[in-house]
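The values are calculated or read from the model by the stated rules, or taken from the named source; none is laboratory data. Just so it is clear, the structure is predicted and the values come from calculations on it, not from any experiment. We place every Cβ from the backbone using ideal geometry, glycine too, and count neighbours over all the protein chains shown.
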């Protein structure tokens, strides 16, 4: 009797994992979690047999898991050196950790992105921004959860911010200065892909969600007032119980085929790619998420379940080994 190899889920955030655990159980797929917050690697030993799915997030350091990214780099290097099958492996991890990497590869694939400059070091941020007309935004190269995203109405405002104690130092020292895109409607769209297949598209309400649009997160609640905290970039106050995410029904755009080709060319097997439709008629792609999260409200009405599609995909890889 042939035994199906074990599937390992490499991650650092137990709070994000329950929807996946439920999907794996529903599909009858056994998964072992490998929490990459600390540990020991025996480099003289061979890794276990199996399929290793990595979903480490660029925002791991915001959960006090500053070492998880480098630990994951070590683990994936070890696994791949021994020929183990990784899903969203070592190279894809680097894409997750760098918006510069994402944007340059998107452009190389013929996918339009916002005008962007990368300033290495705090002292270069103000000078670099002069190349982009106001208003503009800054963001962290190694981001996630809207880290470092701020809008500036003029260059003097940026200079004051950079010189102040409020300045948020990026984790890797790289600040992006990017054109502020005026949206045709206050939303961004996220295209979900698993195993080379388009699953569905999600719309996110930027009027209430602002720059912090992670589908796995609800609006932040103020512990004193019990009311939602208005996120940076929002123009309308969020309300308790209000959903920021919805299924974009009937979405069928040529960008889907471009995203599928991009994912295949870059070895990305699981991802959510985000774009904004501008007031001047452009479709601008600005973020590639390889640690994709699924929203419960969207899952209820979606034509098929993304976590269960992922479970089936990982099982098919394991059965083929």
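Are any residues in the range 130-152 closer than 28 Å to residue 69 by Cα and outside any strand (DSSP E or B), and if so, which ones?
Scanning the range 130-152 gives 141, 142, 143, 144, 145, 146, 147, 148, 149.
Please tell me if residue 56 is within 18 Å of the chain's Cα centre (by Cα) and in a loop (DSSP other than H, G, I, E, B).
It is true that residue 56 is within 18 Å of the chain's Cα centre (by Cα) and in a loop (DSSP other than H, G, I, E, B).
To keep it simple, each residue is scored yes or no on (1) out of contact with any helix residue (DSSP H, G or I) (no Cβ under 9 Å at 6 or more places or on another chain); (2) surrounded by 14 or more Cβ atoms within 10 Å (Cβ to Cβ); (3) not assigned by TED's automatic domain parsing to the domain that holds residue 29.
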| site | (1), (2), (3) |
| --- | --- |
| 260 | yes, yes, yes |
| 265 | no, no, yes |
| 269 | no, yes, yes |
| 273 | no, yes, yes |
| 285 | no, yes, yes |
| 289 | no, yes, yes |
| 296 | no, no, yes |
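Going residue by residue through the range 109-123, is there one that turns out to be free of Cβ contacts under 8 Å to residues at least 24 places away in the same chain, in the same structural domain as residue 161 (by TED's automatic domain parsing) and either more than 24 Å from the chain's Cα centre (by Cα) or in a strand (DSSP E or B) (or both)?
Looking through the range 109-123, at least one residue is free of Cβ contacts under 8 Å to residues at least 24 places away in the same chain, in the same structural domain as residue 161 (by TED's automatic domain parsing) and either more than 24 Å from the chain's Cα centre (by Cα) or in a strand (DSSP E or B) (or both).
Where residues in the range 310-321 are more than 14 Å from residue 272 (Cα to Cα) and touching a strand residue (DSSP E or B) at 6+ places or on another chain (Cβ under 6 Å), which of them is surrounded by the fewest Cβ atoms within 10 Å (Cβ to Cβ)?
317
(1) closer than 18 Å to residue 142 by Cα; (2) in the same structural domain as residue 31 (by TED's automatic domain parsing); (3) buried (at least 19 other Cβ atoms within 10 Å of the Cβ): which one isn't true of residue 76, the others all being true?
Residue 76 satisfies all of (1) closer than 18 Å to residue 142 by Cα; (2) in the same structural domain as residue 31 (by TED's automatic domain parsing); (3) buried (at least 19 other Cβ atoms within 10 Å of the Cβ) except (1).
If we scan the range 157-171, do we find a residue that is under 30 Å from residue 253 (Cβ atoms), touching a strand residue (DSSP E or B) at 6+ places or on another chain (Cβ under 8 Å) and in contact (Cβ under 8 Å) with a residue 40 or more places away in the chain?
No, there is no match, as no residue in the range 157-171 is under 30 Å from residue 253 (Cβ atoms), touching a strand residue (DSSP E or B) at 6+ places or on another chain (Cβ under 8 Å) and in contact (Cβ under 8 Å) with a residue 40 or more places away in the chain.
From the list 31, 87, 40, which residue is farther than 25 Å from residue 143 by Cβ, touching a helix residue (DSSP H, G or I) at 6+ places or on another chain (Cβ under 7 Å) and not assigned by TED's automatic domain parsing to the domain that holds residue 173?
31
Inside the range 99-108, can you point out the residues that are buried (at least 20 other Cβ atoms within 10 Å of the Cβ) and under 14 Å from the mean Cα position of the chain (by Cα)?
Answer for the range 99-108, where residues must be buried (at least 20 other Cβ atoms within 10 Å of the Cβ) and under 14 Å from the mean Cα position of the chain (by Cα): 99, 102, 103.
Look at residue 51 and say whether it is farther than 21 Å from residue 305 by Cα and without any contact (Cβ under 8 Å) to a residue 24 or more places away in the chain.
Judged against the criteria, residue 51 is not a match.
Filter the range 178-205 for residues that are in a loop (DSSP other than H, G, I, E, B) and surrounded by fewer than 18 Cβ atoms within 10 Å (Cβ to Cβ); which is modelled with the lowest pLDDT?
That would be 186.
Quick one: would you say residue 247 is within 28 Å of residue 15 (Cα to Cα) and either at pLDDT 95 or above or surrounded by 14 or more Cβ atoms within 10 Å (Cβ to Cβ) (or both)?
Considered against the rule, which asks whether it is within 28 Å of residue 15 (Cα to Cα) and either at pLDDT 95 or above or surrounded by 14 or more Cβ atoms within 10 Å (Cβ to Cβ) (or both), residue 247 comes out as yes.
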